[in-house]
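These notes are about the structure you will find just below.
The values are calculated or read from the model by the stated rules, or taken from the named source; none is laboratory data. From a predicted model like this one, the values you see are computed outputs, not experimental measurements. So basically every Cβ, Gly included, is an ideal-geometry build from the backbone, and we count neighbours across all protein chains shown. These accessible areas exclude ligands, DNA and RNA; they are computed on the full protein's heavy atoms, side chains included. Shrake-Rupley method; radii C 1.70, N 1.55, O 1.52, S 1.80 Å.
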Amino acid sequence: MVGRYGWDTARMLAAAGIDRPTAVMPDDGTDPDGYDWTSIAAGRDVSILYVGADADLAHRTAVAVVRAGASLAVTVEVSGDPSCPMRSYRPREVRHAA
């Protein structure tokens, strides 16, 4: 969860009995690259929920978790619009010359 409503969203998921690891990115201007995401991201698919105004923070967080080893990061805008934009991020495939 990222941005100004991150904690509220995390609390709603917990109250609804959603059983999955949840982290909240603080809305204090901190750069997501400043965190070590490895323990919660490496080898996992990560969903990043945000409201429209926090799209840049969601993007930077997705890039950071993929760099930390996530196999997939998906950003989902959850402002209530049924056509909420989603974007997926994957590690780049490294190709070696033969």
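Would you say R87 is modelled with pLDDT under 80, among the basic types (K, R) and either in contact with an Asp or Glu (Cβ under 8 Å, 6 or more places away or on another chain) or surrounded by 13 or more Cβ atoms within 10 Å (Cβ to Cβ) (or both)? Answer is no for this residue.
Contact map, segment 60-80: first residue within 19 Å of L13 (Cα to Cα), second residue open to solvent by 10 Å² or more (accessible area, probe 1.4 Å) and basic (K, R), Cβ cut-off under 6 Å, separation 6 or more or different chains; pairs are T75/R87.
Restricting segment 1-17 to residues that are part of a loop (DSSP other than H, G, I, E, B) and open to solvent by 80 Å² or more (accessible area, probe 1.4 Å) leaves a set whose member that is modelled with the lowest pLDDT is R4.
Would you say Y35 is of a type in the set (S, T, Y), within 18 Å of G3 (Cα to Cα) and surrounded by 18 or more Cβ atoms within 10 Å (Cβ to Cβ)? So Y35 does not fit the description; no. Residue check: T38 meets all listed conditions (1) closer than 14 Å to P91 by Cβ; (2) of a type in the set (S, T, N, Q); (3) in contact with a strand residue (DSSP E or B) (Cβ under 7 Å, 6 or more places away or on another chain) but one, namely (3).
Annotation: of all residues in segment 47-59 being touching a residue at least 40 places away in the same chain (Cβ under 8 Å) and not aromatic (F, W, Y), the one that is most open to solvent (accessible area, probe 1.4 Å) is A53.
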